[in-house]
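Have a look at the structure below before the remarks.
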Amino acid sequence: MASNDEATSGGFAIPFEDFDLDEVFKKAELYVTNRESKNFVVEFGYERARIAFDLGPEDVKELLGQNPEEDYPIRWINVWGPSEQADVMKAIGSKYGFSPRLLGLMTTGRPQQDDARSHRDRRRAVSRHNRSHRDLEKGEGPNGNFLMKPIDSTEMNDSIALYMQVKDTVNYFSTDQTQKAFCIGANWLHKRPLPEHEHHHRISIMPPKHWQWLALCNNHTVLSIHEKPLFEPVPEKEDKEKWQLVEFGYMRAHTLDVLLQLSTKGVKRYEGNPLAQTSVRQSLQKSGSDLSRQQSGMSVFNNSSTGTLADEGTSNLFYYLFEDYVAAGPLKNAEEELDDMTRKILDNTHWNKVSKSSEIIPTLHYLSKDLREFKHLFENYKNLISKIMAVGRLDSQLHAHSDIDRKVFLTNSALSRFDRLGDRLQYLMLNTIEGYLEEIAALSTTYFNLTQQKDSQATARLTRSATLLAKLSVFFLPISFMTSYFSVQIEDLYIYWTGKTYWYAFAVIASVSFVSLFFFSRLLMFWSDIMDEWAAIIGDWGVAFVQRIQGLVGWKSRNGDQDA
């Protein structure tokens, strides 16, 4: 049996369990992958860690009102499906000063899945039109004015549906800062399950996404709030229940990776997976620093050592919850698809190889579309990182005159990590995507050039065939004329003809026609070129003559005007 470490305040007990115990560690792993799970809270320091599951509204209120404990200076509150836990979210929002609008957006449920999918299918046209005209977070109208008139329930539902459409675009993110917390919201990607059956249609390389809120609070607390999952349509022939179960596991995989490494039991598991490793709890291995959860803020400044180890751990936890490399995986699929398209297109250089345009053109189009969407996503992450660093960085002069108890900051190590992550997004992701888009443009140009070249070659072959037919007509036309002549039924003519006469005439005319195939064809081309030159010269003479006549007429007219 796992021993409970109950946090008590005013006689109210919160059922915490020792997260470093093996059975609690396994329980947490199963809990995260359970679709019925609601929330969990982890409190930890370097020496100890504890976790509690499925806290109710009263538990959360009591937890947020507790006095800090020295052994557990850092707190992580994770909530799944905030629309179904409105009271819990209200307690959290009240503690950290969330605006009613932000809290309302967090707790607003999605429409039915069929409606959401229809909105998502139209999201490009709708969101592109509205994103440039209004700021939904600020409540601005189409012309930039704030909406002041009351709206009925139908209009409100339409507004929420519009917000959901905009939020479903990958290049949308939200930021909100209060006196006690800095909150961001964005789409995070997760893996798509591998199909068990062969599908003839192309599957997009763009992975499915889910919306998540992350909040950095001023009392060494990090919030992660996940919207109720919206699954992608299951491909035909696939088991819907199994597909969604696998996708659900991928959706929570990153949260599980961060959570398990807050226990001593989970560190060894990730030794062979460097990209999934985190150093949150390990970074607290120092001595002589205060680890109490006081209202000290995330005290981090450039060229300053101000800050506690609790600040360090909270900043690192916020960073590792933000950092997720799942989005980089599909770029490998894009590279493989580009290599396949390159091979098919370059095969067109062989005269006996013909690639189907119905395969190449749609593939290049949808691949370019997916990569542009990836580009928007990474640009979104980069802009979000810049906003996080702007909030987390504070110079020493401003620090000396600021109310630290009401501000949120990041430690230098976390700022450095975010800075490096932004560089990786630019130099590894965005530059790679830009290179892929340029390669697609080059492949498209190459394909159309090769197609045009083949069309030119086909036209040249057709011209040669027509030339051959023309030359054959030069050979057979005189013979046909001669045969017609000898077939004329005129007595004064045919009584003098004999078989020898016909064959002698046939031999002479056939020989002359055969010679004409090689000689007169070139002679005709020569005379045709000369006639073209003569026609050009005559045309120039005609133009000069007309201009001369016009000049003379104009000169006489001007003289007439002067005389008048």
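At a glance:
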{"quantity": "Distant-in-sequence amide H partners of Glu47 (H built 1.01 Å from N, under 5 Å)", "calculated": "none"}
{"quantity": "Diffusion coefficient, µm² s⁻¹, Stokes-Einstein with Kirkwood Rh over alpha-carbon pairs of the range 157-285 at 37 °C and 0.692 mPa s", "calculated": "188 µm²/s"}
{"quantity": "Environment charge of Pro57, counting only residues whose C-beta is closer than 13 Å and scoring Lys/Arg +1, Asp/Glu -1", "calculated": "-2"}
{"quantity": "In order through the range 365-376: 3J(HN,Hα) via Karplus (6.51 cos²θ - 1.76 cosθ + 1.60), integer Hz, x for Gly, Pro", "calculated": "5, 6, 5, 5, 5, 5, 5, 5, 5, 4, 4, 4"}
{"quantity": "Per residue solvent-accessible surface (Å²) - the range 60-107, probe of 1.4 Å", "calculated": "39 Å²"}
{"quantity": "Probe 1.4 Å, protein heavy atoms only - accessible area per residue of the range 457-545 in square angstrom", "calculated": "82 Å²"}
{"quantity": "Residues with amide H under 5 Å from that of Lys407, placed H, sequence gap 5 or more", "calculated": "none"}
{"quantity": "Average Cα contact separation per residue, the range 176-287, under 8 Å, 6 or more apart, as relative contact order %", "calculated": "21 percent"}
{"quantity": "Residue-by-residue Karplus 3J(HN,Hα) for the range 181-194, coefficients 6.51, -1.76, 1.60, Hz, glycine and proline x", "calculated": "7, 10, 10, 10, x, 7, 8, 10, 8, 9, 5, 9, x, 7"}
{"quantity": "Sequence ranges 226-233, 371-378, 478-485, ranked by mean other-Cβ count within 10 angstrom, highest first", "calculated": "371-378, 226-233, 478-485"}
{"quantity": "The range 173-179 - phi-based ³J(HN,Hα) in whole Hz, Karplus 6.51/-1.76/1.60, Gly and Pro as x", "calculated": "9, 10, 10, 8, 10, 10, 6"}
{"quantity": "Mean accessible surface per residue for the range 238-278, computed with a 1.4 Å probe while every protein chain stays in place, in Å²", "calculated": "52 Å²"}
{"quantity": "Whichever lysines have a C-alpha closer than 28 Å to that of Lys382, once near sequence neighbours (fewer than 8 apart) are set aside", "calculated": "Lys138, Lys167, Lys180, Lys191, Lys209, Lys228, Lys332, Lys369, Lys407"}
{"quantity": "Centroid-to-centroid separation of the range 32-72 and the range 457-501 [C-alpha atoms, Å]", "calculated": "103 Å"}
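The values are calculated or read from the model by the stated rules, or taken from the named source; none is laboratory data. A quick note: this is a predicted structure, and the numbers were derived from the prediction, not measured. Using ideal geometry, Cβ is built from the backbone for each residue, glycine included, and neighbour counts are taken over all protein chains shown. Areas reflect the complete protein model, heavy atoms only, side chains present, ligands, DNA and RNA absent. Shrake-Rupley method; radii C 1.70, N 1.55, O 1.52, S 1.80 Å.
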